[in-house]
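**Student:** Quick one: the structure is below, and I'll ask about it shortly.
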Amino acid sequence: MTADLAARAAELDAQDPLRGFRHEFVVADGSICYLDGNSLGRLPKATLAAVDSLLTEWGSELVMGWQHWVDEAQRTGDLLGRTVLGAGPRQVLACDTTSVNFYQLCTAAVRARPGRRRIITDAANFPTDRYILEGIARDHGLELVILDNEADDGSCERITEDALGSLLSEDVALVTLQVVQYRSGARNDVRALTDLVHAHGALILWDASHAVGAVPLTLDADGVDLAVGCTYKYLNSGPGAPAWLYVRQALQPELQVPIQGWFAQADQFGMGPVFERAEGIRGFQVASPSIVGLRAINASLGIIERAGIDAVAHKAAATTEFIIEGYDAWLAPLGFTLLTPRSSGERGGHIRLGHADADAICHALRVQHGVITDYRVPDSIRVAASPLTTTFAEVAEGLRRIRDCVAARCYLDAAPRSGRVT
Ligand SMILES: *Cc1c(COP(=O)(O)O)cnc(C)c1O
């Protein structure tokens, strides 16, 4: 069986139209199976040069650099829009963090639906989203309604029209969901759920952090109102790189974000006494963008633009299929459970595997076996194959090491995990 999976991996790698792209990334230690690209993507070699050239610009141009840096958040936003979001120009900004953008747009949305008293999200949503909504509901006297999609076995995170429909009413101002669930990897039907929410007159905000760069997004065509996401996962733009926000063109005039920063001022350098918001997407910007971060996004998106998001998404579907094959053959007999949908249209770029000893297994894999996955409370690990950087051979080898580690119960004698981060 070992030989089978390894041989299939070799075959799949040979046929992979994206196989050349791995060489465009820094792979410092080829013996490591890096199966955590959904948490932090690898470093593109082009980013080294891009960051270096920004530093040179800064050194030589000094403050005059702002002449061309000033609108860079919009240019990078447009690049994100056309490369990975399915969004036309002047609707995306690359700025701040996903959390800040989420707060800004959710607050703007509830203010745009006065009189409606409810916000809906799901129990399995990413923690930052849930915590921020809790604060917004408190500050605006609204009720936060939580859709229960956390069954005991964790397998039912995908949001059905029935489950959401039963909570919708004319009292709902905003619904916010993830495109791909961060823990289970289940993918929601953006178009169908957006239509459903609109039928009740509410706004919808999609957090696409775990989807962007792994599945094709068509925000314009799907009629999405608002979306946010990060760039350091499948978009490989580096730790803390700026996030992005999307506001559908038609909605821009009626939405006002709570932080009225000077980059949103119509006559920014008039520096007048009162805030007068700029028209268009700049009205959603707060402040000076991180130019170094934007250059990192440009560099990594340049690679994705050449590869084509459809090819990237196709590879994500193929590698997750391959992980499921490995799970069936090797891991199910060892007490693992599959907590991600088997249908490729219903999942993103990572797979969630449950195991009673998941925490210890994940830790032992990292420190003893050179396999990087991540552990998510209470009892699962996530396994991803970032499409541009991960080979099928790397996946097969990683799965073999997981199997051998767990079969030998080697994790029982690994030193306990240290550090705050799982
Ligand atoms: C990763 C992720 C975030 C991260 O938020 P930051 O503000 O970048 O720390 C937010 N939401 C979702 C769904 C995520 O997967």
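**Student:** Looking at (1) under 22 Å from Asp96 (Cα atoms); (2) in contact with a strand residue (DSSP E or B) (Cβ under 9 Å, 6 or more places away or on another chain); (3) assigned to a helix (DSSP H, G or I), which is the only condition Val224 fails?
**Tutor:** Going through (1) under 22 Å from Asp96 (Cα atoms); (2) in contact with a strand residue (DSSP E or B) (Cβ under 9 Å, 6 or more places away or on another chain); (3) assigned to a helix (DSSP H, G or I) one by one, Val224 breaks only (3).
**Student:** Name, by its number, the condition in (1) buried (at least 17 other Cβ atoms within 10 Å of the Cβ); (2) over 22 Å from the mean Cα position of the chain (by Cα) that does not hold for Glu24.
**Tutor:** So Glu24 meets the others, but not (2).
**Student:** For the range 218-236, give me each residue that is within 15 Å of the ligand (Cβ to nearest atom) and open to solvent by 10 Å² or more (accessible area, probe 1.4 Å).
**Tutor:** Hits for the range 218-236 are Tyr232, Lys233.
**Student:** May I ask you to list the residues in the range 322-356 that are of a type in the set (D, E, K, R) and in contact with a Lys or Arg (Cβ under 9 Å, 6 or more places away or on another chain)?
**Tutor:** Glu325, Glu346, Arg347, Arg352, listed by residue number.
**Student:** I'd like to check something: does the range 208-217 contain any residue that is more than 11 Å from the ligand (Cβ to nearest atom), touching a residue at least 24 places away in the same chain (Cβ under 8 Å), under 23 Å from Gln181 (Cβ atoms) and surrounded by fewer than 24 Cβ atoms within 10 Å (Cβ to Cβ)?
**Tutor:** Yes, some residue in the range 208-217 is more than 11 Å from the ligand (Cβ to nearest atom), touching a residue at least 24 places away in the same chain (Cβ under 8 Å), under 23 Å from Gln181 (Cβ atoms) and surrounded by fewer than 24 Cβ atoms within 10 Å (Cβ to Cβ).
**Student:** Continuing with the same structure: Return the only residue of Gly30, Gly37 being within 16 Å of the ligand (Cβ to nearest atom) and not in a helix (DSSP H, G or I).
**Tutor:** The unique qualifying residue is Gly37.
**Student:** Please work out which residue is nearest to the chain's Cα centre (by Cα), limiting yourself to the range 67-98 and to residues that are within 16 Å of the ligand (Cβ to nearest atom) and in a loop (DSSP other than H, G, I, E, B).
**Tutor:** Step by step, filter the range 67-98, then rank; the result is Thr97.
**Student:** Mind counting the residues in the range 316-339 that are within 15 Å of Ala211 (Cβ to Cβ) and either open to solvent by 10 Å² or more (accessible area, probe 1.4 Å) or over 21 Å from the mean Cα position of the chain (by Cα) (or both)?
**Tutor:** So the count comes out to 1.
**Student:** Quick one: in the range 99-125, which of the residues that are assigned to a helix (DSSP H, G or I) and open to solvent by 20 Å² or more (accessible area, probe 1.4 Å) is nearest to the ligand (Cβ to nearest atom)?
**Tutor:** Ser99
**Student:** Would you confirm whether or not the range 159-172 contains a residue that is touching a residue at least 12 places away in the same chain (Cβ under 8 Å) and part of a strand (DSSP E or B)?
**Tutor:** yes
**Student:** Just to be sure before I move on: is Val179 farther than 24 Å from Val212 by Cβ, open to solvent by less than 10 Å² (accessible area, probe 1.4 Å) and assigned by TED's automatic domain parsing to the domain that holds Val84 in the structure I sent?
**Tutor:** no
**Student:** Also: When residues of the range 315-348 are filtered for being in contact (Cβ under 8 Å) with a residue 40 or more places away in the chain and either out of contact with any Leu (no Cβ under 9 Å at 6 or more places or on another chain) or assigned to a helix (DSSP H, G or I) (or both), how many remain?
**Tutor:** 20
**Student:** Could you go through the range 40-59 and let me know if any residue there is open to solvent by 20 Å² or more (accessible area, probe 1.4 Å), touching a strand residue (DSSP E or B) at 6+ places or on another chain (Cβ under 6 Å) and not acidic (Asp, Glu).
**Tutor:** Yes.
**Student:** Within the range 260-278, does at least one residue satisfy the condition of being among the acidic types (Asp, Glu), more than 30 Å from Gly41 (Cα to Cα) and assigned to a helix (DSSP H, G or I)?
**Tutor:** no
**Student:** Related question: What is the residue count in the range 271-301 for residues that are crowded, with 23+ Cβ neighbours inside 10 Å and of a type in the set (Ser, Thr, Tyr)?
**Tutor:** 1
**Student:** Moving to a separate point now. So, in the range 237-257, how many residues would count as being away from the ligand (no atom under 14 Å from the Cβ) and surrounded by fewer than 23 Cβ atoms within 10 Å (Cβ to Cβ)?
**Tutor:** Matching residues across the range 237-257 total 9.
**Student:** Restricted to the range 141-160, and to residues that are loosely packed, with under 14 Cβ neighbours inside 10 Å and in contact with a helix residue (DSSP H, G or I) (Cβ under 9 Å, 6 or more places away or on another chain), which residue is nearest to Ser99 (Cα to Cα)?
**Tutor:** It comes out as Glu143.
**Student:** Follow-up. Given the structure, is Glu134 open to solvent by 10 Å² or more (accessible area, probe 1.4 Å) and either within 14 Å of the ligand (Cβ to nearest atom) or without any contact (Cβ under 8 Å) to a residue 40 or more places away in the chain (or both)?
**Tutor:** yes
The values are calculated or read from the model by the stated rules, or taken from the named source; none is laboratory data. What you see is a predicted model, and the numbers here were worked out from it, not measured in a lab. Positions of Cβ are backbone-derived with ideal geometry, glycine not excepted, and every protein chain shown enters the neighbour counts. Note: accessible area is taken over every heavy atom of the protein model, side chains too, but ligands, DNA and RNA are not part of it. Shrake-Rupley method; radii C 1.70, N 1.55, O 1.52, S 1.80 Å.
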